[in-house]
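Each remark here refers to the structure printed beneath this line.
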Amino acid sequence: MNEFQALLLGILQGLTEFLPVSSSGHIEIGSALLGVKTTNHLLFTVVVHVATVLSTIVVFRKDILTLLKDLFAFEWNESTIYVSKLILSAFPVLVLGLFFKEEIEQLFTGNLVMVGSMLLVTALLLGLTHFVKKNNGKITFGKALIIGFAQAMAVVPGISRSGATIATGILLQTKKNEIARFSFLMVLIPILGAAFLDIISGEVTSNTSIGLLPLFIGFAAAFISGLLACSWMIKIVKRGNLIYFAIYCLVIGLIAIFAA
């Protein structure tokens, strides 16, 4: 992987992690176009994912500090309840990551037909939100678990994590600003957990030939583009303009299928 490829893939990761268009699907498509096999560069994948986590922390720094402050008060308060819902939402993807890791990795083979098909699923989910007019509910423990299952679906390349979780929240008639906040905060646990497991397993540093400069470029590109995309997506969800992303996913999905 050279510096230019790292720049493009970093930007792609940062933008599509938060926009509801599937980061994994776009990385698969981008890698196929650039002739890069990301499975050979696990370290790069971990680095750009950590970069997007940091961009999330920056955008929601006030919320996170408030949650941590109240959490360490060791009381069953509003923040403790909220963190408990975040933890509950992480269980479905945690189970998949622990017990079906090899099966999940086999999905990342550059199969553009599968990626395109799953982008069509994302388009359907986003399109359905256009018909939901009532959005005044709160996130309950039950909703948190259902949204967690939606996040687990996104281990398949082509299904957008943010798209699936936000769309599911809206279909459950949750307030748009609340589901956007919950969707972006809930990703912190699985991404950091996956990165930690990859590091301690030794897979990250084994069989990698990528240099420090491409890693730095990829990290910076993912972090900056992630900051922009995260802030932009919050505004988009509040306005309810997800139908345009549904159309985008439909078009890209069809192109991927017919170009395979």
- For residues in the stretch 210-244 being outside any helix (DSSP H, G or I) and in contact (Cβ under 8 Å) with a residue 40 or more places away in the chain, which is farthest from residue 5 (Cα to Cα)? 240
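Quick check on this structure: which one of 67, 54, 71 is surrounded by 12 or more Cβ atoms within 10 Å (Cβ to Cβ), in contact (Cβ under 8 Å) with a residue 12 or more places away in the chain and closer than 24 Å to residue 13 by Cα?
Values: 67 fails: closer than 24 Å to residue 13 by Cα; 71 fails: closer than 24 Å to residue 13 by Cα.
Checking each option against the conditions leaves just 54.
If you go through the stretch 142-185, how many residues are of a type in the set (A, V, I, L, M) and either closer than 18 Å to residue 107 by Cβ or without any contact (Cβ under 8 Å) to a residue 12 or more places away in the chain (or both)? Steps first, please.
Narrowing the stretch 142-185 to residues of a type in the set (A, V, I, L, M): 144-147, 150, 152-156, 159, 164, 166-167, 170-172, 179-180, 185.
Filter again for either closer than 18 Å to residue 107 by Cβ or without any contact (Cβ under 8 Å) to a residue 12 or more places away in the chain (or both), leaving 150, 152-156, 159, 164.
Result for the stretch 142-185: 8.
Kindly evaluate residue 100 against the criterion of being of a type in the set (Phe, Trp, Tyr) and either modelled with pLDDT of 95 or more or under 19 Å from residue 167 (Cβ atoms) (or both).
Working: of a type in the set (Phe, Trp, Tyr): yes; either modelled with pLDDT of 95 or more or under 19 Å from residue 167 (Cβ atoms) (or both): no.
Considered against the rule, which asks whether it is of a type in the set (Phe, Trp, Tyr) and either modelled with pLDDT of 95 or more or under 19 Å from residue 167 (Cβ atoms) (or both), residue 100 comes out as no.
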- Query: Based on what the data block shows, is residue 128 in contact with a Gly (Cβ under 6 Å, 6 or more places away or on another chain), surrounded by 15 or more Cβ atoms within 10 Å (Cβ to Cβ) and closer than 29 Å to residue 247 by Cβ?
  - Reply: no
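May I ask you to verify whether residue 159 is more than 21 Å from residue 24 (Cα to Cα) and surrounded by 15 or more Cβ atoms within 10 Å (Cβ to Cβ)?
Details: more than 21 Å from residue 24 (Cα to Cα): no; surrounded by 15 or more Cβ atoms within 10 Å (Cβ to Cβ): yes.
Judged against the criteria, residue 159 is not a match.
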- Item | Wholly enclosed helices (runs of 4 or more DSSP H) of the stretch 91-195 bearing at least 1 residues among the polar types (S, T, N, Q) | 112-128, 141-153, 161-171, 176-186
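The values are calculated or read from the model by the stated rules, or taken from the named source; none is laboratory data. What you see is a predicted model; the values in this text were computed from it and never measured. Ideal geometry is used to build each Cβ from the backbone, glycine not excepted, and the neighbour counts take in all protein chains shown.
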